[in-house]
Amino acid sequence: MWYLNILHFLNLTDFEVKIIKNKRNRMYKFADQKQEKETVFTIKTQDVKFGVGALRELWSDARSLGMNRIALFLDSNIQASSPITLILESFQSTGLEVDIYDAVVCEPNSSSCMAAADFVKQGEYDGIVSIGGGSVMDTAKAANLLSCHGGEILDYVNAPIGLAKKVPGPLLPHIACSTTSGTGAETTGIVVLDIEEVGLKSGISSPHLKPNHAIVDPETTLTLPSGVIASTGFDVLTHAVESYVARPYTSSDRPLNPSLRMGYQGATPYNDIGALAAIRIGGKYLLRAVKDDQDEEARYQLMFAATLAGLAFNSAGVHIPHAMSYSVATLKHEYTAHGYENLPPMAPHGISVVLNAPAAFRFTGPTNPERHLEVAQAMGIDTRDAKLEDAGMILADCFIDLMKKTGLPNGLGALGYSEQDIPALAEGGFAQQRPLSMSPCAVSEEDLKNLYKDALQYW
């Protein structure tokens, strides 16, 4: 047929293209005759403002995004602080209307996110600003989604826990301002929350959830307790390491339609840059930031590492330590971490993640040992005489040593878990198929049982 001759003339046969004629709508579609491996990755940029004093310019950034009436999500613990007072005064002096929502819960859940969505629905806002840690920013993202497009939490939660409904379109403009050096939530299109309906923690992922603008002001971390710095700092490191040792993007099947390309791509040359830089910075400054609350340089650098790690894992993804963390954070609530004494007993996100990291990296080490050794080297370990077969163990020992020095609990047993809990932990972890799919090696539920057992005690 004439169009086939044209295709040959245009040299489009490299992809063994076939043409499907749709008789109903008279449109033509192109599809690959055979499945090929991925050769394309996307670079997901983010508008980030970083530096001491950046929050003082928040009013201008809000104006530039067309905001006039703002829903301001705040951590109630910082609402009375001088930086927030200055921000509110700048809003008022520039004619911006602001309503404050401070009913955010640490480790948000379905109910808290629905309540936040109701707040946004009733206010007729034209923009959202969130100032706080990951819980505040994730709550704002979820509220933005539900207020704009309706539905229930489970509609959007990742499969198989939820229906994984695609976010249909853009949301209200959102400026996310991080006050902790950990989650990287200001740079990601991800929401993590407790799904009360099923008793598990999971997530929602969409490019539309990514804030339009991120503000990272290291000055906000100077008053944080050392325990909070330790928990969030280890979250930085595990984000970066997981994205660096994730399976390569070339291991995925090329989508028949480019629009179906997943947001989580696996490790790419671009993401590697940010991840490795974050690892170097975290390895150098985490202990300093925890041990000395007057070390402004260390806390500044750790904040920058968090931003780099967020940019990296937003595209590359995280995998086993994070997948395991969701059931760790959900099944027991009897642990009180240093720096979180004013909250009900729980495992802070960074702790629930990093306690799985040594076990996970021992497991993944044989898959890509060179990368595991590169990570250990970036964290300050001399790997010149290291054997490839020891890569996973070397990286695990590096994490364990740093965990000891920063006063983290000695494995999941310190959180109240025992071998009797392993089947339930593994069941919850195995339900997290989205992050597990980014692992450099296949992970079965039986593998997870062994990993949770390994993570019960490290020293």
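Only the coordinates and a few stated rules stand behind these numbers; no lab work does. This is a predicted model, so every value here is computed, not measured. Every residue, glycine as well, gets a Cβ built from its backbone with ideal geometry; the counts of neighbours run over all protein chains shown.
Here are the numbers for this structure:
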| item | result |
| --- | --- |
| Radius 9 Å from Cβ of L224, net charge of other residues (Lys, Arg +1; Asp, Glu -1) | 0 |
| Burial ordering of H338, H239, fewest other beta-carbon atoms within 10 Å first | H338, H239 |
| Taking segment 127-221 and dividing mean pair separation by its residue count, relative contact order in percent (alpha carbons under 8 Å, at least six apart) | 33 |
| Charged-residue dipole, Cβ positions (Lys, Arg, Asp, Glu), segment 238-391 about Cα centre, Debye nearest 20 | 420 |
| Inter-site label distance for D253 and T367 at 7 Å from Cα along Cβ, in nm | 1.9 |
| Burial ranking of peptide ranges 346-358, 440-452 (average Cβ count within 10 Å, highest at the top) | 346-358, 440-452 |
| Theoretical gain in end-to-end length, Q420 to L388 [0.36 nm per residue, Cα-Cα removed] | 8.1 nm |
| R0 of 60 Å, Cβ-Cβ distance E124-W459: FRET efficiency to nearest 0.05 | 0.60 |
| Alpha-carbon gyration tensor eigenvalues x 5, square-rooted, for segment 53-216, Å | 26, 16, 14 |
| Charge tally in the Cβ shell below 10 Å around D61, where Lys, Arg are +1 and Asp, Glu are -1, D61 excluded | 0 |
| Relative packing of peptides 140-149, 416-425, 39-48, 275-284 - highest average C-beta neighbours within 10 Å first | 140-149, 275-284, 416-425, 39-48 |
| Overall dimensions of segment 53-97 by Cα: Rg and Dmax, Å | 10.3, 29 |
| Radius ratio Rg over Rh of segment 151-298, counting only Cα atoms, Kirkwood formula for Rh | 1.00 |
| Around L193: net Lys/Arg minus Asp/Glu count, Cβ-Cβ under 15 Å | -4 |
| Which listed pairs, of K44/K405; K332/K405; K49/K449; K165/K449, have C-alpha distances above 32 Å, in listed order | K44/K405; K49/K449 |
| Added length on full extension, which subtracts the Cα-Cα distance from 0.36 nm per residue, D293 to E334 | 12.0 nm |
| Selected from P269, N368, A306, residue furthest toward positive end of dipole (segment 226-454; charges at beta carbon) | P269 |
| MRE, 222 nm, helices only [DSSP H, n ≥ 4, -39500 (n - 2.57), over the chain, to nearest 500] | -13500 deg cm²/dmol |
| Among (i) 4, 16, 18, 17, 18, 15, 9, 2, 0; (ii) 4, 21, 30, 25, 13, 6, 2, 0; (iii) 4, 18, 24, 23, 17, 9, 4, 1, 0, the entry that matches P(r) over Cα pairs in 10 Å bins from 0, in percent as calculated here | (ii) |
| Ranked list, fewest to most other Cβ atoms within 10 Å of each Cβ, for M67, M379, M303 | M379, M67, M303 |
| Over segment 52-193, relative contact order from alpha-carbon pairs under 8 Å, at least 6 apart, % | 26 |
| Relative contact order [Cα under 8 Å, 6+ residues apart], segment 312-459, whole percent | 33 |
| Gained length - H208 relative to K166, 0.36 nm times residue gap less alpha-carbon distance | 14.1 nm |
| Cα-centred dipole magnitude for the chain, charges only on beta-carbon of K, R (+1) and D, E (-1), debye, nearest 20 | 1760 |
